[in-house]
Amino acid sequence: MQAISSRTLVDIAAKKLASGEVSAVLGWKKGLFNYDVTPAVFTDEKDLAENFVYTDFCAANLSKYLVNETKKPEYRADNRKILVFLKPCDTYSFNQLLTEHRIHRNRVYVVAVPCNGMIDLTGAPYEKCVNCKSKKAVVYDELVGENGEVIDSNRFDEVERIEAMSAEERFAFWQNELSRCIRCNACRNVCPACTCEKCVFDNPASGLENKAISDSFEEKMFHIIRAFHVAGRCTDCGECSRVCPQHIPLHLLNRKLIKDMNEAYGEYQAGAVEGSRAPLVNYSENDIEPAEAVGKGGNNA
Amino acid sequence: MQVSEYKPRIVAFCCNWCSYAGADLAGNNRLNYPAEVKIIRVPCSCRVNPSFVLRAFQRGADGVIICGCHPGDCHYTSGNYYTRRRMAMLFSMLEYLGIEKERTRVEWVSAAEGAKFAATMNDFVETVAALGENKRLEDLRCKR
Ligand code: SF4
Ligand code: SF4
Ligand code: FES
């Protein structure tokens, strides 16, 4: 695999900053320890040279930050751009945001960087990297190294395992997982598909606002709504599962929907093609009836 | 067979133009269907947000059914096509979470199908009654 040094990326970004083509660089900044890398905006070359890193700890998907960053007057004023580094899987999220008109394409300079899979602070690879769906950058202005391929991954295996359980076992499985949720909303905050200006989970009148969960219904309600709200728009970037402090496998909810939609309405990968229409905002006159679609292939005991 | 007192509570979302009229016709023709079926009229089956379904379960429903015009007959042309996809995915998701799939249903009932409306409701109530109370998606705070 291609090893890309931080230096290479710093050079690219510094040149763009110096030429005035971009007014800021969105990248990863080193922390106190090698593992606590955080997303950051760099505006001067010195800061960039000293603090920018691209290592195995750069799991954070930077695409969502562009929604707010590109709105800032300083980038809009003189038509300059913000440079962003995106890993292959992050480019899908970026494409999806373009599809949803959340980012002005002409305010962003995308540099796609290859990725060998990211690790957490214990050195273990993230689930999203183990089951990586694509090493292919689908959108960029500049490509570092060589572009990879879409991977025929086993990402639905776990979903199939759950489907094969009895209804009772499935319920117990999810009860066990979801009851750990502390409603920190990190999964929503990090999700590049969750970019509504106003969110039902922040509305005190909704009865679903951010607060400690007091009833088992509430956690299910939260999780069903979260997963369903991104159905067809979730690029399976895996960020939600990565950030969950309670290690809830949120990707298993997202992937169930992706798998179902693939089976019922044809293969669709959100973010693969800019402007593509998601299955739930589309239809065909011959669609399968809900009664047939539910529990297809699964165990209904 | 043991005769139980238990009567399931059913929420039926009915679109204004077909299924609600179908329910009306069932009434006019004096066709019986259980009083436990609570009808909520919606402008189109497509108006039913997934959170309405969850809310219904939260507030004590044991089963939720969505009724709309037959595909192709929606008064807003394509509303029920979206309903069909949306509810297929939502119900599949609920089933994945271990909620019995018999508790949810989509049925197409036209304004002329009073008999179908009554038959559908009778059948649905019977199916849900066999499952018993909705325990897996209940909110204890809403229980009386
Ligand atoms: S990140 Fe995890 S704990 Fe926080 S709200 Fe999401 S699922 Fe719950
Ligand atoms: S739901 Fe999770 S995997 Fe899907 S786009 Fe959002 S953060 Fe990424
Ligand atoms: S008006 Fe009846 S389903 Fe749309």
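Odds and ends about this structure:
- Search result, residues across segment A:174-193 that are open to solvent by 20 Å² or more (accessible area, probe 1.4 Å) and away from ligand 1 (no atom under 11 Å from the Cβ): A:GLN175, A:ASN176
- In the set B:ALA112, B:ALA130, only one residue is more than 12 Å from chain A (Cβ to nearest Cβ), out of contact with any Lys or Arg (no Cβ under 9 Å at 6 or more places or on another chain) and without any contact (Cβ under 8 Å) to a residue 40 or more places away in the chain; that residue is B:ALA130.
- Test: residue in segment A:214-224 that is open to solvent by less than 10 Å² (accessible area, probe 1.4 Å) and among the aromatic types (Phe, Trp, Tyr): yes
- Within the option set A:PHE94, A:PHE33, A:PHE85, being part of a loop (DSSP other than H, G, I, E, B) and outside the structural domain of A:VAL230 (by TED's automatic domain parsing) holds for one residue only, A:PHE33.
- Residue list for segment B:62-74, restricted to those being among the small types (Gly, Ala, Ser) and either within 16 Å of ligand 1 (Cβ to nearest atom) or crowded, with 24+ Cβ neighbours inside 10 Å (or both): B:GLY63, B:GLY68
- Flag if A:GLU146 is of a type in the set (Asp, Glu) and within 14 Å of chain B (Cβ to nearest Cβ): no
- Residue list for segment B:75-115, restricted to those being more than 9 Å from ligand 3 (Cβ to nearest atom), of a type outside the set (A, V, I, L, M) and assigned to a strand (DSSP E or B): B:THR104, B:ARG105, B:GLU107
- Residue within segment B:96-103 that is at pLDDT 95 or above, closer than 28 Å to A:ARG161 by Cβ and within 16 Å of ligand 2 (Cβ to nearest atom) present: yes
- Residue match in segment A:156-172 (condition: in contact with a Phe, Trp or Tyr (Cβ under 9 Å, 6 or more places away or on another chain), more than 12 Å from chain B (Cβ to nearest Cβ) and not hydroxyl-bearing (Ser, Thr, Tyr)): no
- The condition (being without any contact (Cβ under 8 Å) to a residue 12 or more places away in the chain and within 15 Å of ligand 1 (Cβ to nearest atom)) is satisfied by just one residue among A:GLU209, A:GLU169, A:GLU219: A:GLU209.
- Scan segment B:55-74 for residues that are within 10 Å of chain A (Cβ to nearest Cβ) and either within 12 Å of ligand 3 (Cβ to nearest atom) or under 12 Å from the mean Cα position of the chain (by Cα) (or both) and the total you get is 4.
- B:CYS46 being touching a helix residue (DSSP H, G or I) at 6+ places or on another chain (Cβ under 6 Å), in a loop (DSSP other than H, G, I, E, B) and more than 16 Å from ligand 1 (Cβ to nearest atom): no
- Condition met for B:ARG41 (in a strand (DSSP E or B), modelled with pLDDT of 95 or more and either more than 16 Å from ligand 1 (Cβ to nearest atom) or over 23 Å from A:ALA264 (Cα atoms) (or both)): yes
- Scanning segment B:75-109 for residues that are surrounded by 19 or more Cβ atoms within 10 Å (Cβ to Cβ) and more than 8 Å from every other protein chain (Cβ to nearest Cβ) yields a total of 7.
- Within segment A:241-272, restricting attention to residues that are more than 10 Å from chain B (Cβ to nearest Cβ) and away from ligand 2 (no atom under 16 Å from the Cβ), the residue that is nearest to A:ILE103 (Cα to Cα) is A:GLU267.
- Count - residues of segment A:236-259 that are of a type in the set (D, E, K, R), more than 15 Å from A:CYS132 (Cβ to Cβ) and either surrounded by fewer than 23 Cβ atoms within 10 Å (Cβ to Cβ) or near ligand 1 (Cβ under 10 Å from one of its atoms) (or both): 1
- Here A:GLY232 qualifies as within 16 Å of the chain's Cα centre (by Cα), within 11 Å of another protein chain (Cβ to nearest Cβ) and assigned to a loop (DSSP other than H, G, I, E, B).
- Pairing each residue of segment A:124-135 that is farther than 17 Å from A:GLY148 by Cβ with any residue that is assigned to a loop (DSSP other than H, G, I, E, B), provided the two are 6+ apart or on different chains, yields C-beta distances under 9 Å for A:TYR126/A:ALA59; A:TYR126/A:GLY117; A:TYR126/A:MET118; A:TYR126/A:ASP120; A:TYR126/A:GLY238; A:GLU127/A:GLY238; A:GLU127/A:PRO249.
- Residue match in segment A:56-73 (condition: part of a helix (DSSP H, G or I), open to solvent by 10 Å² or more (accessible area, probe 1.4 Å) and more than 28 Å from A:GLY232 (Cα to Cα)): yes
The values are calculated or read from the model by the stated rules, or taken from the named source; none is laboratory data. These numbers were taken from a predicted model, which means no experiment stands behind them. For neighbour counting, all protein chains shown are included, and Cβ atoms are generated from backbone atoms with ideal geometry for every residue, glycine included. Heavy atoms of the whole protein, side chains included, go into the accessibility calculation; ligands, DNA and RNA do not. Shrake-Rupley method; radii C 1.70, N 1.55, O 1.52, S 1.80 Å.
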